[in-house]
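To start, the structure under review is shown below, and the notes come after it.
The values are calculated or read from the model by the stated rules, or taken from the named source; none is laboratory data. It should be emphasised that the depicted structure is a prediction, and the values quoted were computed from it without experimental measurement. Cβ placement follows ideal geometry from the backbone for every residue including glycine, while neighbour counts extend to all protein chains displayed. Remember, those area values only see protein heavy atoms, side chains included, never the ligands or the DNA or RNA. Shrake-Rupley method; radii C 1.70, N 1.55, O 1.52, S 1.80 Å.
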Amino acid sequence: MKKLFVLAVLLCAPALYAAERYTCCSYEDTPRYGLNTNTTRVEFFGGVALPEEDWSENGQTLQIADTGFTAGVAFVRNVLPWLTLGLDGNYSGFAKGDNLTLSDGKEVNYRSGVGTGLLTGRVYLFPKSMTRLYGTGGIGAGYMYAREKSTDGNSKQTFDSTDVAWMLGAGLEFDIDETVIFGAEGRYNWVGLRSDMKDRFDKGHFAYWTVMLKLGVKF
């Protein structure tokens, strides 16, 4: 009887070991997709920046910015699975606008750019899913400059301003694996104008759209 018991144990042991190993490894190897409390990410952005509107001066269209590029980096952390807070730094460089003839007859054009540093937040739909939608917003400081250059190259002048900036947007992202995410985000951006920038162009703000792809790493 003892021999039969020992034989049964020896025959069952490999099966029990295999079942335990399969169960353990299957659990450990299951990809951990989605977002959880304290999920931290670093994200890199790149895309296109589009000014909202042209201005006017002396009855002429004043185009200080044309379609350009945008790039940025963000650090975000989930305080809840569906809510993140973070920091965002972004720069948008615009192509030069059309030539403008000033009242003194001088013909000039402009190159401009905007840099922002924002405190941001996101609200997610389907935070536990591999694919997620979110709305985002942020507020902070923005710096804008416009370099005025005469077409004959004889004169150059730079106007700049630092003031409040904010943005609103929406995005879509998905998990490539447990740590890497890929996505797209669109934003409406607003930056106030002060000092010589406001005096030169007689405008209190500058607004533009950005459409970006992003690549991020989760920790």
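Things to note:
- Residue ID - farthest from residue 116 (Cα to Cα), chosen from residues in the range 50-83 that are aliphatic (A, V, I, L, M) and over 18 Å from the mean Cα position of the chain (by Cα): 80
- Of all residues making up the range 111-125, the number that are open to solvent by 10 Å² or more (accessible area, probe 1.4 Å) and of a type in the set (S, T, N, Q): 2
- Matching option when the condition is closer than 22 Å to residue 174 by Cα, touching a Ser or Thr at 6+ places or on another chain (Cβ under 7 Å) and hydrophobic (A, V, I, L, M, F, W, C), among 123, 108, 76: 76
- Residue within the range 188-201 that is aromatic (Phe, Trp, Tyr), within 23 Å of residue 69 (Cβ to Cβ) and touching a His at 6+ places or on another chain (Cβ under 8 Å) present: yes
- Note on the range 125-158: residues that are among the basic types (Lys, Arg), in a strand (DSSP E or B) and within 30 Å of residue 76 (Cα to Cα) amount to 1.
- Residues located in the range 114-172, provided they are among the acidic types (Asp, Glu) and at pLDDT 95 or above: 163
- The set of residues in the range 171-219 being under 30 Å from residue 130 (Cα atoms), touching a residue at least 12 places away in the same chain (Cβ under 8 Å) and not in a strand (DSSP E or B) consists of 177, 178, 179, 219.
- Members of the range 161-190 found to be among the charged types (D, E, K, R), open to solvent by 20 Å² or more (accessible area, probe 1.4 Å) and in contact with a Gly (Cβ under 6 Å, 6 or more places away or on another chain), listed by number: 163
- Looking across the range 21-43, the residues that are modelled with pLDDT of 90 or more and hydroxyl-bearing (Ser, Thr, Tyr) come down to 37, 39, 40.
- Among the conditions (1) more than 26 Å from residue 217 (Cα to Cα); (2) among the β-branched types (Val, Ile, Thr); (3) exposed (fewer than 15 other Cβ atoms within 10 Å of the Cβ), residue 108 misses just one, which is (3).
- Whether a residue is farther than 30 Å from residue 56 by Cα, surrounded by 18 or more Cβ atoms within 10 Å (Cβ to Cβ) and touching a residue at least 60 places away in the same chain (Cβ under 8 Å) was assessed, and residue 128 does not pass this test.
- Residue under evaluation residue 97, criteria (1) open to solvent by 70 Å² or more (accessible area, probe 1.4 Å); (2) within 20 Å of residue 67 (Cα to Cα); (3) in a loop (DSSP other than H, G, I, E, B), criterion not met: (1)
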